[in-house]
C-alpha cells in the first residue's frame, strides 16, 4: 500500500508540474503581441525634438506622466475631431494665457503637430474600461482578443 501511495503522489505531482509548465507558457505568450504602429515620420521625429528642446513635458503629459500645468496631450488631436490638427497648431503657434508663445516658425509648429498626431495613434488616455480575465491579466474591453 505505501508503494501505491508513492506512485499516486508522483503521478499527481507530475500532472501538476506538467500543467504548470503548459499554463506558464500560455500566460507568457498570450497577449504579448504588441500593437503595430506606423513608423514615425521624419516630420514627427523633428516635432519630437522640438517638444523636447522646449521641455514641453514640464507642463504637459503623455499618458498622465509629466507636468500638471497643461493638459494631457496623448489624444489632443482626436479630441477635436477633424479640426484637431488645426486647433493644436493654433495653440502651439500663438500660445494661451497660461501657455507661452514659444516663437516657433510654421515648420516647427507643423512638426510638433505631426508628433502629436503620431502620439495620438499610440493609445488612449485616460484608460477605458478594463476586464480582468480568468487567468489574471487585464485587458481593455474594446481590445481584440
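Just so you know, all these numbers are worked out from the coordinates, no wet-lab data involved. Everything numeric here is computed off the predicted structure, so don't read it as measured data. A quick note on method: Cβ atoms are made from the backbone with ideal geometry, for glycine too, and the neighbour counts reach across all protein chains shown.
Some values worked out for this structure:
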quantity	calculated
Projected-area average for the chain over all orientations - Cα convex hull basis, square nanometres	12.8 nm²
Computed label-point distance, nm, for sites residue 102 and residue 40 using a 7 Å Cα→Cβ extension	1.4 nm
Gaussian network model of the chain, springs between alpha carbon atoms under 10 Å - residue of 27, 12, 57 with greatest fluctuation	12
Cα gyration tensor, the stretch 42-120 - rounded (a/c under 1.5), prolate or oblate	rounded
Fluctuation leader among 47, 84, 14 - the chain, Gaussian network, Cα springs under 10 angstrom	14
Computed helical MRE - 222 nm, the chain, DSSP H runs ≥ 4 contributing -39500 (n - 2.57), nearest 500	-15500 deg cm²/dmol
Of 19, 117, 41, the one that fluctuates the most in a GNM where the chain has Cα springs shorter than 10 Å	19
